[in-house]
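The values are calculated or read from the model by the stated rules, or taken from the named source; none is laboratory data. Bear in mind the structure is a predicted one, so any value in this text is a computation, not a measurement. Please note: Cβ atoms are built from the backbone with ideal geometry, for glycine as well, and neighbour counts cover all protein chains shown. Remember, those area values only see protein heavy atoms, side chains included, never the ligands or the DNA or RNA. Shrake-Rupley method; radii C 1.70, N 1.55, O 1.52, S 1.80 Å.
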Amino acid sequence: MDEHLKRYLTPGDDGRAFAEAVLLRASGELARRRQAVDEGPTWSLLEIWARPWLIAALVLLAIAVAVPSHPWTPEPTTAAEAGLAVDALVGAASESDVVLSVALGN
Amino acid sequence: MEPDAALAARAIAGDREAFGALVVRYQEPVRRVTRAVTGNAEDADDAAQDAFLSALDRLETYDPSRPFGPWLMRIASNAGIDLVRRRAVRVAQPLETAVASAGRSPAADAEAAEIRAAFAAALAELTPRQRAALTLFDVEGYAHAEIARMLRVPEGTVRSDVFHARRTLRERLRLYGPEMEA
């Protein structure tokens with residue numbers, strides 16, 4: 001019976017016209033796929049979602065770099081104040097040098 | 001012969017020749033299943049075309065490490081069943097087949113026509129899912145478990161569908177000799 005059923009269900013044509021009809025209907029989708037390959041990778045859904053956040057993060061980073069870290073600290077107004085600040089920096093540097101040399105010695 | 005997975009990969013990139021090769025390779029089993037499910041050659045080819053287009057749409061979901069046939073047959077069975085659900089029920093007509101009148105005597109032709117009518121009547125008694133299960137099992141040779149995955153039903157349901165469908169066909173075709181009861 002299986003063989004009879006198979007013969008009953010098998011189409012009488014060679015399938016060429018059917019295949020042509022499918023390819024005709026698929027031509028738009030196939031062309032879209034070829035175009036997508038030619039144009040290279042496109043933004044995925046995740047990338048589309050992440051893009052504004054990425055741009056916002058870059059903008060914030062740029063602002064953070066441009067704005068001084070302690071804008072409320074007054075600039076030294078006199079040469080004496082400036083000299084004190086320099087001394088403090090030099091002192092701090094020499095202390096760290098000591099720490100470094102001790103560490104290396106150990 | 002180029003493997004299905006390679007053809008599918010090329011079709012994903014829009015290769016018309018590769019997609020055409022897949023259509024030619026699978027058009028016969030796909031059309032057999034949709035003919036069984038719809039019981040009508042015209043609707044069957046519509047459903048089969050829809051199945052191939054749907055397969056093209058979701059080719060990215062095909063796992064190339066697995067066989068292409070069952071993946072496609074799942075889409076085809078569902079395309080046929082969906083079409084039957086969407087459209088009004090048509091009167092089952094015997095399908096036109098290649099062996100309809102291949103230079104035989106009028107008596108043999110008459111008997112062949114009777115057998116086709118009996119097949120059409122028997123298949124019309126079954127549900128679309130039973131027709132799909134019967135064809136996938138008896139004609140296309142898939143296992144119960146594979147058919148269950150294709151039709152998204154439990155394996156026991158597939159076994160029951162195939163059993164019921166075979167019994168119906170056997171009863172309807174008993175008149176045409178013992179070979180129809182096998």
Legend entry - Sequence of B:ASP63, B:ASP4 when ordered by accessible area, the most exposed leading, probe 1.4 angstrom: B:ASP63, B:ASP4
Legend entry - Cα-centred dipole magnitude for chain B, charges only on beta-carbon of K, R (+1) and D, E (-1), debye, nearest 20: 520
Legend entry - At 0.692 mPa s and 37 °C, Stokes D of chain B from Kirkwood alpha-carbon radius, µm² per second: 189
Legend entry - R0 of 35 Å, Cβ-Cβ distance A:VAL37-B:MET1: FRET efficiency to nearest 0.05: 0.90
Inset, instruction - May I ask which residue of B:TYR62, B:THR127, B:PRO29 lies farthest towards the positive end of the charge dipole of chain B, with charges of +1 (Lys, Arg) and -1 (Asp, Glu) on Cβ and the Cα centre as origin? - result: B:THR127
Legend entry - Segment B:SER54-B:ALA117, extension gain: residue separation times 0.36 nm, minus the distance between their alpha carbons: 19.5 nm
Legend entry - At least 18 Å along the helix axis (C-alpha) and Kyte average at least -0.5, DSSP helices within chain B: B:16-38, B:41-57, B:68-86, B:106-124
Inset, instruction - Would you tell me the mean number of C-beta atoms belonging to other protein chains that fall within 10 Å of each C-beta in B:40-49, as a whole number? - result: 2
Inset, instruction - Using packing as a proxy for protection, rank B:50-61, A:25-36, B:123-134 so that the peptide with the highest average count of other Cβ atoms within 10 Å comes first. - result: B:123-134, B:50-61, A:25-36
Legend entry - Hydrodynamic radius (Kirkwood) for region B:106-153, which is based on Cα pairs only, to one decimal in Å: 12.2
Legend entry - Sequence of B:TRP71, A:TRP53 from largest to smallest accessible area, 1.4 Å probe: A:TRP53, B:TRP71
Inset, instruction - Averaging sequence separations of C-alpha pairs under 8 Å and six or more residues apart, then dividing by the length of chain B, give the relative contact order as a whole percent. - result: 21
Inset, instruction - Keeping all protein chains in position, work out how much accessible area A:VAL65 exposes to a 1.4 Å probe, and write it in Å² to the nearest 10. - result: 120
Inset, instruction - Can you figure out the FRET efficiency of B:ALA107 with B:PHE163, using R₀ = 25 Å and their beta-carbon distance, to the nearest 0.05? - result: 0.15
Inset, instruction - Return the value, in Å² to the nearest 100, of accessible area buried between chains B and A (probe 1.4 Å, both sides summed). - result: 3400
Inset, instruction - Please give the FRET efficiency for B:ALA9 paired with B:ALA143, using the beta carbon to beta carbon distance and R0 = 41 Å, rounded to the nearest 0.05. - result: 0.95
Inset, instruction - Calculate, axis by axis, the spread of Cα positions in region B:1-64 along the three principal axes, and write the results as whole Å, longest axis first. - result: 34, 23, 20
Inset, instruction - Could you state the accessible area per residue of chain B in Å², with a 1.4 Å probe and every protein chain left in place? - result: 48
